[in-house]
Each structure stands twice: as structure tokens, then as C-alpha cells.
2 protein chains.
Amino acid sequence: MAKVVKAEMDLSTEEKIKEAASKVFTKKGYGNARTRDIAEEAGINLALLNYYFRSKEKLFEVIMAERIQKLFGILTPILNDSDTTLQEKFVKITESYIDMLNEHPDLPIFVLSELRNDPERFADRIQAKTHLTKSVFVKQLQEKGTEIHPFHFLMNLLGMIIFPFVGKPILQTVTGGEENYPALMEQRKKLIPEWLNMMLAKA
Amino acid sequence: MAKVVKAEMDLSTEEKIKEAASKVFTKKGYGNARTRDIAEEAGINLALLNYYFRSKEKLFEVIMAERIQKLFGILTPILNDSDTTLQEKFVKITESYIDMLNEHPDLPIFVLSELRNDPERFADRIQAKTHLTKSVFVKQLQEKGTEIHPFHFLMNLLGMIIFPFVGKPILQTVTGGEENYPALMEQRKKLIPEWLNMMLAKA
DNA sequence: GTCTATAGCGCGATAGAC
DNA sequence: GTCTATCGCGCTATAGAC
């Protein structure tokens, strides 16, 4: 059996609080979340929350840093990998993101919404060490001789991957929720890289 | 001169409150917004807010309904227009959305984030009278004989249009904000319909 | 480390004068 | 209709016993 189990019962108290906080913050956002909700979710007393983390604010910063890392940690290593082609990068990014987002569908809307509330605060958490401009990804794009700005490709890639999760509530009401969402996402794993290759070929 | 001026000074008090509430809610979200902020922004007293609208909650519902209409009102009339081709629909939707989002960049993240907090509550506000399945848009797609589910096209369209606005804080930190964002969006008005036509041709 | 009890205060809402 | 003043709740945070 694996050492790390999902619904582990004997986590340290600190870990239990972080798990609970992550869940409650991600679902409700900072402003709507109550420390009492988090304490109850963690199965501990409210006072303990302030014992381990100094305040709701501090706890939030810890969680937020983790969530940002979860959302963007995927991207930069792949973009800067010299051993893969552009096409392989498209596939890797698409598959990694869709798998991750299937498990954490509320993650993007949470992070993006909280970032908007205070854009300066977490800016340094996102910045890759190397700017995108100097990435292997951009170099490879330029070798293709495309006139289209590399940014468009990144926007299209992330937009086509992430938007279906962010826009799920709307898209579902428009169709009456009669869609098989997981199956559609599985299809997109193959389709998105194909579409990006087409954009690349044409450009 | 136009009768309706942007920074009109002599709006009715009710309108001033709605303007202010729209601004504050959209910027901060429901949970982080304070009724005192809204009153100050409107240049009126806090008590008046409860005089015109019964509560923060009620005021929010009014604003939310308007914002949802703003975000999705564009879509369905175009999708159900029998007088335009698919290609023309791509162009119309792209241009209308980018123009609107340039003026209201915080709109999508606000609506999507609040919808996630309470998906049931505003579901009826979004539902088009006719389901997407029965729309002219889907009929036209089916006539093309594509095997790809119509939903993918809608996701790609909305994703490529809306994501750059939603993800602006991230995308900017990745590049160091050295991009000319408005110019990129202007380019996308032409590029997105082209990309969608390619997807259509290949499918 | 973990609990109970409570301090302290910001918030939404209202009473009541004008 | 619009204001000032204030209520009272619910929240975060802390004191203090165990």
C-alpha cells in the first residue's frame, strides 16, 4: 500500500488544518470563507487555527502560495525543456493540465479570482526565474519563422484547456447539463494539440 | 450631444447606487465588498442603500442579473441568427466580445467566480430560451458534416476570447508586463475567426 | 497541544430626526 | 428622501485552564 493515502486519518494537526483551509478557501474564496468553517472541516477547535497559523490572513497566504504553485508549476518546466519538440510540449501541457484540473476543477477560478483582488501581492510567486521571452518554447516557435506573437499560442493553449473548467457552470446551463463532460475533456487531450499544430503550420 | 453620458452627475440616487455597487462588487466580489464601500463610492449615506434595496443580498442579486446579461446576452442572438454564415458568426462573436471585454475586463472573472459560489441560484438567468442543441449555430455545424461535438467549437471560441482577459494578471507576470495588451487583443479579432475556420475545415 | 470562554470590533441593518 | 447615531450579530483573535 502507498504511504500517502488520500483520506488519511492521522495527519498532523497542522496538515489537517491546511487540507481543510485549502478546501474551504478554494470553494468559497477568501471573503466568504469563515475560520469556523475551516476548523469544523478540519475536525479541530477554532483556537488551534490561530495557534498554528497566526491569523486567517496568514493561513490564506500559505494556501494561496500552494495553489498558485499547483496551477502554474506544471507550465514552466515543460516550456523550458530542450529535449522535447513543440508538438511534444503541446501534448504534455494539455494532458498534464486536463488530468490535474479533473481533480481540482475549482482551482483556476479560485486562483484567478483571488489574484485579481490583490494582483501585486502574489506576483512574485508566479514569475518564472526566466522570462517567457527567453524560454525554449519561444525559441522553438521563432525557429518555425512564424509572424504571430508567441503570446497568442500560449493564450490559445491555456484558454482552450482551462476555460472549459472555468466556464463549466455556464456551458452546462446552456446545454441543460446533458453533456458527458469527462468524455469531452478526454477528447480534448487529443484535439487541442492537433489544433495548435494547425495554427502553427498556417502561421 | 448624447443623452446618456458616461460620467453623468445627476443620475437618480437609485442609479448612483447601482453604478457604485456594480463597480465595487465586480472589483472585490460579494464577500469582500462592504456596503460602506458602495455607499462611499456612490457619494451617499449607508442608510440610503437599505432604503432603496432591502439588503446587501438583494442589491447583489440585482447587479448580478445585470452582469450575467452583459456577459451572455451577446452570445445567444448571434448563435441563433439564420441570416449569417458560421464564418460571419465567428467574426461577430469575437469582435463583440473583445470590444465589450476591453471596457469590462473584470466582468468574466467576477461572474464565473460568483456563479461557482452558488451555481443553482442564477442558473435560470443564463439558460437561453432555446437550448444550444437546437440553435442555428449547431445546425450549421452539423451541415458541415463534422464529427467533432459542437461543444468543442463553443469552448474554443469562448476560451480563446475570454481567457486572455481572465488570465491577464498571470500572463503579464510571466512576460514582465512588457506586452502591448490592447494591440494583441486587436490582432486576435482577426486571428480567432481564422483559427476557427481552420478547425472547421480540418474536422 | 488542545480545549472553553470571551474579548473586541467590523459589519449589515434600522430607528428616528429633519 | 436623506441624514446621524446606534444596535446587535457574527467574526477573528486571544486569555487562560488543563
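The values are calculated or read from the model by the stated rules, or taken from the named source; none is laboratory data. The structure displayed is predicted, hence computed values, not measured ones. Note: ideal-geometry Cβ built from the backbone for every residue, glycine included; neighbour counts use all protein chains shown. The accessibility values were calculated without ligands, DNA or RNA, using every heavy atom of the protein model including side chains. Shrake-Rupley method; radii C 1.70, N 1.55, O 1.52, S 1.80 Å.
Mind checking the per residue accessible area of the range B:52-203 for me, 1.4 Å probe, whole number of Å²?
44 Å²
Efficiency by 1/(1 + (r/R0)^6): what FRET value for B:Ile148 and B:Asp124, r their Cβ-Cβ distance, R0 = 25 Å, to the nearest 0.05?
0.25
Straight-line reach from B:Lys92: which lysines fall under 17 Å, measuring Cα to Cα and dropping same-chain residues less than 8 apart?
B:Lys70, B:Lys189, B:Lys190
From the Cα gyration tensor of the range A:11-63, with a ≥ b ≥ c the square roots of its eigenvalues, which class applies: rounded if a/c is under 1.5, or else prolate if a/b is larger than b/c, or else oblate?
rounded
For peptide B:107-120, how many partner chain Cβ atoms fall within 10 Å of a residue's Cβ, on average?
Mean number of neighbouring Cβ atoms from other chains: 5.
Buried accessible area between A and B (1.4 Å probe, both chains summed, ligands and nucleic acids excluded), in Å² to the nearest 100?
For chain A against chain B, roughly 5100 Å² becomes buried.
Which of the helices in chain A meet the span-like rule: DSSP H, Cα axial reach of 15 Å or more, Kyte-Doolittle mean at least -1.0?
Both cut-offs are met by A:56-72, A:86-103, A:107-117, A:150-166, A:181-202.
Put a point 7 Å out from Cα along the line to Cβ at A:Asn102; what are the distances to that point in the other copies, in nm, shortest first?
So the label point of A:Asn102 gives 4.0 nm to the other copies.
Net charge within 12 Å of A:Ile78 by Cβ-Cβ distance, Lys/Arg positive one each and Asp/Glu negative one each, not counting A:Ile78 itself?
That works out to -2.
Could you calculate the FRET efficiency of A:Arg34 with B:Asn102 from 1/(1 + (r/R0)^6), where r is the beta carbon distance between them and R0 is 30 Å, rounded to 0.05? Before the final figure, lay out the partial values.
Details: r = 37 Å, r/R0 = 1.22.
After rounding to 0.05, the efficiency reads 0.25.
Post the alpha-carbon centroid distance, the range A:154-203 to the range A:11-35, in whole angstrom.
The range A:154-203 and the range A:11-35 have Cα centres separated by 30 Å.
To the nearest 0.05, how large is the calculated FRET efficiency for A:Thr133 and A:Ala65 if R₀ is 41 Å and r is the Cβ-Cβ distance?
E between A:Thr133 and A:Ala65, to the nearest 0.05, is 0.95.
What value, in deg cm²/dmol to 500, does the helix sum -39500 (n - 2.57) over DSSP H runs of n ≥ 4 give at 222 nm once divided by the residues of chain B?
Only helices count here, giving -22000 deg cm²/dmol.
Tell me the carbon and sulfur percent of the accessible area for the range B:64-203, rounded to whole percent, probe radius 1.4 Å.
Carbon and sulfur: 48 percent of the exposed surface of the range B:64-203.
So which trypsin sites (Lys or Arg not before Pro) in the range A:3-91 are both in a DSSP loop and have at most 15 other Cβ atoms within 10 Å of their Cβ?
A:Lys3, A:Lys6, A:Arg34, A:Arg54
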